[in-house]
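Student: Sharing a structure, written as structure tokens. Questions coming.
What follows is calculated from the coordinates using simple rules that are stated; it is not laboratory data. In this text the structure is predicted, and so the values were computed from the model without any measurement. Cβ coordinates were reconstructed from backbone atoms using ideal geometry, including for glycine residues, and neighbour counts include every protein chain displayed.
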Amino acid sequence: MTTPSRLAVPPLQMDAETAAQYVGERSRATFLSRVGEVYPRPTARLGRRDLWLRGDLEKAVDLLHGRGPSRLAEDL
């Protein structure tokens, strides 16, 4: 599988491995340990794979860096 850093546009939905790379976690296991606390739970299941939406992951990273909805509105 191609890593997000090699993609011109990251996929809209990602499995745990790709999601971990996208948000900058060191490993899939670290990402999964933070799901439900820092990162959202997966939004869909395809076969045996849980999937996360890119937008949901981006919102979680924004919140992690103090860029909540009120802060984002100020930047517009």
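Student: Over all directions, how big on average is the projection of the convex hull of the alpha-carbon atoms in segment 11-75, in square nanometres?
Tutor: The orientation-averaged projected area of the Cα hull of segment 11-75 comes to 4.6 nm².
Student: Ranked from highest to lowest mean number of other Cβ atoms within 10 Å per residue, what is the order of the peptides 10-22, 41-53?
Tutor: 10-22, 41-53
Student: Right, next: From Cα pairs below 8 angstrom and at least 6 apart in sequence, can you work out the relative contact order of segment 11-75, rounded to a whole percent?
Tutor: Value for segment 11-75: 33 percent.
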